[in-house]
Amino acid sequence: MRLQKLKSEFYKQLNIAKIALAKKEYKTAFYHLENAHVLGQNNLYKHTLSHYYMLIFGIKTKNSKEIIGQVLRIFAAILFTVIWVPKGNTGGTNISPVKIIPIRKELKKFY
């Protein structure tokens, strides 16, 4: 049951982010992409997918730091998700990719 709720919330956060991206509501989009990243970071597919959409965010906002960082993070997600992920890390280039971060209050119920 817990895994199903986690999966549902991951896709909910991702969908909110995609809608916000389409509306050019970039701050909102990135917040929900961060949430999706935290929720999906223990699953290879979801972790990589969250970084893919962060790459799309970087492209849409013409943020070269985010574009380069997300390309690198996609490869890292593919290579390291099954070994280790920094719990709570929000996945953007504004945070070190190895920094452990407290899980946001609104996401704790999924852990």
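When you scan the range 1-17, how many residues do you find that are charged (D, E, K, R) and loosely packed, with under 15 Cβ neighbours inside 10 Å?
Residues meeting the conditions: 3.
Residue by residue through the range 49-102, note down the ones that are among the polar types (S, T, N, Q), within 18 Å of residue 21 (Cα to Cα) and surrounded by fewer than 20 Cβ atoms within 10 Å (Cβ to Cβ).
The answer is 61, 63, 64, 93.
Of the residues 62, 23, which single one is at positive phi, over 14 Å from the mean Cα position of the chain (by Cα) and modelled with pLDDT of 95 or more?
Answer to the check: 62.
The values are calculated or read from the model by the stated rules, or taken from the named source; none is laboratory data. Not measured: the values here are computed from a predicted model. Counting neighbours? That spans all protein chains shown, and the Cβs are built from the backbone with ideal geometry, glycine included.
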